Amino acid sequence: MKLLEERIQKDGTVKEGNILKVDSFLNHQMDVELFDLMGQEFKRLFADAPINKILTIEASGIGIACVAARSFHVPVVFAKKTQTLNIDGQVLSSKVDSFTHKKTYDIIVSKKFLTQQDHVLIIDDFLANGCAVLGLMDLIRAAGAVLEGVGIAVEKGFQTGGQKLRDMGIHLESLAIVDSMDAATGRITFREQPHQS
Ligand code: 5GP
């Protein structure tokens with residue numbers, strides 16, 4: 001999505017350790033009008049899928065998922081990160097290694113909100129090594145729900161997550177795929193995606 005790539009070029013900053021900071025419009029302050037256009041693009045890219053629920057993970061995925069949900073007219077469920085695992089059996093859980101925080105945490109979703117009836121689109125802000133998405137896929141599998149696809153705002157194409165998901169045959173759409181970025185020069189390059197706007 002050219003508009004998102006241009007915004008990343010203009011306002012994104014590259015940090016040491018392969019971190020792209022997009023705090024001014026995506027991760028902290030949020031440009032909701034841009035989110036709206038991103039949601040419409042996700043809707044166009046997943047038009048053929050019978051999606052009835054969007055699943056994301058707290059915190060940064062929630063804003064993007066909620067605005068996207070207005071284009072899909074479906075509810076959003078977000079996986080909660082937790083220290084204490086609920087042991088009464090009412091939740092589905094998985095483990096996620098955090099790329100940005102360098103630790104492992106549990107994620108949970110109530111069984112009430114993810115069921116066999118659901119056809120799910122996963123949405124998240126970033127795709128790096130794929131741990132967050134794989135954790136969300138675990139929850140979908142445990143619920144007996146169907147994964148219809150994965151929509152990502154920014155994929156870092158030089159990390160392993162995108163390749164893993166595509167190799168699994170998952171319909172993955174990343175609105176911007178960063179092919180390279182350099183903390184010293186600030187230079188960012190993107191992969192061509194002719195089927196996107
Ligand atoms: P993964 O689980 O794919 O390794 O990493 C994805 C998660 O880590 C996302 O949910 C996102 O919050 C965070 N993340 C990974 N890389 C970056 C990055 O370069 N910048 C920001 N802001 N977050 C990132």
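Annotations for the structure displayed:
- For beta carbons closer than 7 Å, sequence separation of 6+ or different chains, a first residue in segment 113-135 that is without any contact (Cβ under 8 Å) to a residue 60 or more places away in the chain and a second that is in a loop (DSSP other than H, G, I, E, B) and of a type in the set (S, T, N, Q), the qualifying pairs are Asn129/Gln159; Asn129/Thr160; Gly130/Thr160.
- If the condition is being within 11 Å of the ligand (Cβ to nearest atom), out of contact with any Gly (no Cβ under 7 Å at 6 or more places or on another chain) and part of a helix (DSSP H, G or I), then segment 152-186 contributes only Gly162.
- Criterion: touching a helix residue (DSSP H, G or I) at 6+ places or on another chain (Cβ under 9 Å), more than 14 Å from the ligand (Cβ to nearest atom), under 20 Å from Met30 (Cβ atoms) and free of Cβ contacts under 8 Å to residues at least 60 places away in the same chain - qualifying residue of Val76, Val109: Val76
- Residue match in segment 55-63 (condition: more than 20 Å from Leu139 (Cα to Cα) and either surrounded by 13 or more Cβ atoms within 10 Å (Cβ to Cβ) or not hydrophobic (A, V, I, L, M, F, W, C) (or both)): yes
- Residue in segment 176-184 that is buried (at least 16 other Cβ atoms within 10 Å of the Cβ), without any contact (Cβ under 8 Å) to a residue 24 or more places away in the chain and within 23 Å of Ile64 (Cα to Cα) present: yes
- Condition check for Asp97: acidic (Asp, Glu), touching a helix residue (DSSP H, G or I) at 6+ places or on another chain (Cβ under 6 Å), farther than 22 Å from Lys10 by Cβ and surrounded by 14 or more Cβ atoms within 10 Å (Cβ to Cβ): yes
None of the figures in this text is laboratory data; all of them are computed from the coordinates on show. Source: prediction; values computed, not measured. So basically every Cβ, Gly included, is an ideal-geometry build from the backbone, and we count neighbours across all protein chains shown.
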